[in-house]
């Protein structure tokens, strides 16, 4: 191996470590962001003037979709490790379709919520669906009908921010898929796929956590 080859190899390794470090920094930042949001949710709920309503069924469908997308992403990672680039392309394409399906299902859930009078800046009195009210004192639901529906605002903020991050994941998936189609990944060089898989699995785990949180902490 020449000095030039050794230098190029070291540079590539340094770049890979830098990208991996940035990836984990981003993941840690997201954990802090959503940890803060869910903590704020719990604190605000305890203060009262809070409504509890059923989550749209589309959120359950979203959960199934993102779990399946994580499975297909892992299939792609295992395929490229075994040198099967053809299966990698198929797996990435399926993951892209499922990721898009997740975003669509989230939109369907928001549409249902909006139809039920639950909007980001909506009022308690606007709610058309069945709900229960947690008072802050002795006030009645009629007395706070003009108050903001804070629980609805939290729901939109939490799920909306997750979708924004997932759209970023889809962009990364598109780039990785284009590289796979161009034959840039081999058994020895597939760090792009590995980083993409780490981020995509994290997005899946994060959504499952958020879904269970919103389902049971109400």
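For this structure, a couple of remarks:
- Test: residue in the range 132-150 that is closer than 17 Å to residue 59 by Cβ, at pLDDT 95 or above and assigned to a helix (DSSP H, G or I): no
- Residue, surrounded by the most Cβ atoms within 10 Å (Cβ to Cβ), within the range 89-126, restricted to residues that are in contact with a helix residue (DSSP H, G or I) (Cβ under 8 Å, 6 or more places away or on another chain) and in a loop (DSSP other than H, G, I, E, B): 118
- Test set (1) surrounded by fewer than 13 Cβ atoms within 10 Å (Cβ to Cβ); (2) over 30 Å from residue 42 (Cβ atoms) - residue 216 fails condition number: (2)
- The condition of being in contact (Cβ under 8 Å) with a residue 40 or more places away in the chain and either over 30 Å from residue 108 (Cα atoms) or not in a helix (DSSP H, G or I) (or both) holds for only one of 78, 55, that being 55.
- In the range 169-190, residue nearest to residue 106 (Cα to Cα) [restricted to those that are assigned to a helix (DSSP H, G or I) and free of Cβ contacts under 8 Å to residues at least 60 places away in the same chain]: 171
- So residue 12, is it surrounded by 15 or more Cβ atoms within 10 Å (Cβ to Cβ) and either within 28 Å of residue 182 (Cα to Cα) or out of contact with any strand residue (DSSP E or B) (no Cβ under 6 Å at 6 or more places or on another chain) (or both): no
- Residue 193 satisfies every condition listed in (1) closer than 20 Å to residue 16 by Cα; (2) not in a helix (DSSP H, G or I) except (2).
The values are calculated or read from the model by the stated rules, or taken from the named source; none is laboratory data. It should be emphasised that the depicted structure is a prediction, and the values quoted were computed from it without experimental measurement. Positions of Cβ are generated from backbone atoms using ideal geometry, with glycine treated the same way; all protein chains shown enter the neighbour counts.
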